[in-house]
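The values are calculated or read from the model by the stated rules, or taken from the named source; none is laboratory data. Keep in mind it's a predicted model, so treat the numbers as computed, not measured. Don't worry about glycine lacking a Cβ; one is built from the backbone with ideal geometry, like all the others, and counts go over all protein chains shown. Accessible surface areas use protein heavy atoms only, side chains included; no ligands, DNA or RNA. Shrake-Rupley method; radii C 1.70, N 1.55, O 1.52, S 1.80 Å.
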Amino acid sequence: MATSPPNLTTTTRLRRAPPPSHSHLRLSPAARKKKREREKMVGMLPETNAQAAAEEVLGDAWDYRGRPAARSRTGRWGAAAMILVAELNERLTTLGIAVNLVTYLTATMHAGNAEAANVVTNFMGTSFMLCLLGGFVADSFLGRYLTIAIFTAVQASGVTILTISTAAPGLRPAACAAGSAACERATGAQMGVLYLALYLTALGTGGLKSSVSGFGSDQFDESDSGEKSQMMRFFNWFFFFISLGSLLAVTVLVYVQDNLGRPWGYGACAAAIAAGLVVFLAGTRRYRFKKLVGSPLTQIAAVVVAAWRKRRLELPSDPAMLYDIDVGKLAAAEVELAASSKKSKLKQRLPHTKQFRFLDHAAINDAPDGEQSKWTLATLTDVEEVKTVARMLPIWATTIMFWTVYAQMTTFSVSQATTMDRHIGASFQIPAGSLTVFFVGSILLTVPVYDRLVVPVARRATGNPHGLTPLQRIGVGLVLSIVAMVCAALTEVRRLRVARGARVGGGEAVPMTVFWLIPQFLFVGAGEAFTYIGQLDFFLRECPKGMKTMSTGLFLSTLSLGFFVSSALVAAVHKLTGDRHPWLADDLNKGQLHKFYWLLAGVCLANLLVYLVAARWYKYKAGRAAAAGDGGVEMADAEPCLH
């Protein structure tokens, strides 16, 4: 990305060029050179003075040429629309692969149910975990624009390889009858090509997803009330486009994959993500670019390293002796910024708290006369920001199990659907992967129901103008995940009873309609609406001002770890139950999948109890009051978060 031009005020008028004259012909070459440099310093080229005479520019954003971004010609909806299309196509592509992948692995690659489930959850877990890498690269090295462009191209290459692997006969085993003992499993080379395709796709997804929402918000100027309002609408449309992409993936793409063939379905995914990249690049001239801000992961690592290096030093009895931001310099800088009408990006000094005092060692200035790097000395404000993140970790950890339940909707729930009667009428058969349309529909239905019905009732009951607090919303989502697993277990018990009563053979459909699976999809979808929004609200609200990009990382890491926990549980259960009485058999009619669902329900219940304790212990930032006179902050007995 082009280097940033000279610092200008946030909104300032460019100088009006003097009337045209021929006086420059009398200037010496050196004088003419200085004149051209002065013209560039105000962000103009000599030949565009007349057009740019009264154009309003932004001081904290630049255009694709590295000049201050003109408000009228950059950003806003013209640029944001291009970014929304890129996100729509990313969601369409990623979910179009993941939601129906388990059936491809079992039916075409002849993998077992447990192995197929773990391939899917490891793929999705890696996609979300790589969002942390993508965010770090964007914040520290490439910037959001280049990160999105490069990683979208990586994703397109991965999906292209996946399409080729499904079309080339040598990259998949020979076809055989369902349930036949003679089915040949995929070779190591065939699975290797598949893994290459999936993890290239995951890498691209992680890099794109980490930056796309942030780059979209960069197109709106928060210091302008009109554009700030538009930015809030952008996030609403962002969620809508994610949902639209999900809906198209679980209906249109899954139908194409099952009825026209995987090469056509995955080829459509490759075409979609390539089209998204073209549209994104087409908006380059309209985008606003922001300077690199650095990754909050670096700050956390620096504070921990500095504290460890000074762990043997004694902490001062008075926290005021710890190294911190100079209040005088901060005040002077604020006055200067106020006079220039520029939005402040300086950190505000935070009061000292008495939790996690080990980290205070990082702010001991043992060499006041010498220069120290951030890896040996941190300000107390930096330390307090890291402490704030540490306080959120118990909440972060206890939300992981919801996403473990979520993972079952794209694995074993789809496997259940393949064994059941999926016909509507005499000729149309619902693709097994399309059952997730009820999951997506539940999300879309829950959001307006919550907004129109739950919020007014909760507002009157609790006095909270927002209805439920973020932690209460997460708690509701965790409860719904338990209900979903209970429904899934009961449905599987009935499915097995019907299958054994009808003596269903291998490969035959159980005479039981697939619509019995709808409740588990609906409850998990409703739970996601509560948990997803609750987590985002919590992390955005509670993360320190200087570490806002950390909020996205904390949220996405819970999704990633939820998928990995699912993989670990499946592997452990499959190994412990063995081949004699398997819970997760390749033929579900010979397994005991309901016991796995009961296990998940029990683990989620225990997790909920731990979450309630953590939520009651946690105090929102607004509930922490400074203790007068001792330079510290006691964790005030504010109202509990679940009340």
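Is at least one residue of the stretch 489-507 under 29 Å from the mean Cα position of the chain (by Cα) and either within 26 Å of Leu540 (Cβ to Cβ) or assigned by the TED database to the domain that holds Met420 (or both)?
To start, the set of residues in the stretch 489-507 that are under 29 Å from the mean Cα position of the chain (by Cα) comprises none.
No, the stretch 489-507 contains no residue that is under 29 Å from the mean Cα position of the chain (by Cα) and either within 26 Å of Leu540 (Cβ to Cβ) or assigned by the TED database to the domain that holds Met420 (or both).
Condition first: closer than 14 Å to Val99 by Cα and open to solvent by less than 10 Å² (accessible area, probe 1.4 Å). Now tell me which residues in the stretch 109-118 satisfy that.
If the condition is that a residue be closer than 14 Å to Val99 by Cα and open to solvent by less than 10 Å² (accessible area, probe 1.4 Å), then Ala116, Ala117 are the ones that fit.
Select, from Leu315, Leu393, Leu377, the only residue that is closer than 20 Å to Val303 by Cβ, modelled with pLDDT of 90 or more and either among the β-branched types (Val, Ile, Thr) or surrounded by fewer than 12 Cβ atoms within 10 Å (Cβ to Cβ) (or both).
Values: Leu315 fails: either among the β-branched types (Val, Ile, Thr) or surrounded by fewer than 12 Cβ atoms within 10 Å (Cβ to Cβ) (or both); Leu377 fails: either among the β-branched types (Val, Ile, Thr) or surrounded by fewer than 12 Cβ atoms within 10 Å (Cβ to Cβ) (or both).
Among Leu315, Leu393, Leu377, only Leu393 is closer than 20 Å to Val303 by Cβ, modelled with pLDDT of 90 or more and either among the β-branched types (Val, Ile, Thr) or surrounded by fewer than 12 Cβ atoms within 10 Å (Cβ to Cβ) (or both).
At pLDDT 85 or above and farther than 25 Å from Ala272 by Cβ: is that true of Phe215 in this structure? Steps first, answer last, please.
On the way: at pLDDT 85 or above: yes; farther than 25 Å from Ala272 by Cβ: no.
For Phe215, the condition - at pLDDT 85 or above and farther than 25 Å from Ala272 by Cβ - is not met.
Determine which member of the set Gly527, Gly553 is touching a helix residue (DSSP H, G or I) at 6+ places or on another chain (Cβ under 8 Å), in a helix (DSSP H, G or I) and open to solvent by less than 10 Å² (accessible area, probe 1.4 Å).
Every option except Gly527 fails the conditions.
Going by the conditions given, is Leu517 part of a helix (DSSP H, G or I), in contact with a strand residue (DSSP E or B) (Cβ under 9 Å, 6 or more places away or on another chain), buried (at least 19 other Cβ atoms within 10 Å of the Cβ) and not hydroxyl-bearing (Ser, Thr, Tyr)?
On the way: part of a helix (DSSP H, G or I): yes; in contact with a strand residue (DSSP E or B) (Cβ under 9 Å, 6 or more places away or on another chain): yes; buried (at least 19 other Cβ atoms within 10 Å of the Cβ): yes; not hydroxyl-bearing (Ser, Thr, Tyr): yes.
It is true that Leu517 is part of a helix (DSSP H, G or I), in contact with a strand residue (DSSP E or B) (Cβ under 9 Å, 6 or more places away or on another chain), buried (at least 19 other Cβ atoms within 10 Å of the Cβ) and not hydroxyl-bearing (Ser, Thr, Tyr).
Residues checked against (1) surrounded by fewer than 17 Cβ atoms within 10 Å (Cβ to Cβ); (2) free of Cβ contacts under 8 Å to residues at least 60 places away in the same chain:
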site	(1), (2)
Phe215	no, no
Lys228	yes, yes
Ala282	yes, no
Gly294	yes, no
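Only one residue in Ser211, Ser223, Ser229, Ser243 is of a type in the set (Ser, Thr, Tyr), farther than 13 Å from Glu87 by Cα and part of a helix (DSSP H, G or I). Which one?
Of the residues listed, the single one that is of a type in the set (Ser, Thr, Tyr), farther than 13 Å from Glu87 by Cα and part of a helix (DSSP H, G or I) is Ser229.
Mind checking which residues of the stretch 556-602 are open to solvent by less than 50 Å² (accessible area, probe 1.4 Å), in a helix (DSSP H, G or I), hydrophobic (A, V, I, L, M, F, W, C) and more than 19 Å from Asn122 (Cβ to Cβ)?
The answer is Leu588, Leu593, Ala601.
Quick check: anything in the stretch 97-104 open to solvent by 10 Å² or more (accessible area, probe 1.4 Å) and under 21 Å from Ala585 (Cα atoms)?
Checked against the condition, which is being open to solvent by 10 Å² or more (accessible area, probe 1.4 Å) and under 21 Å from Ala585 (Cα atoms), the stretch 97-104 yields at least one hit.
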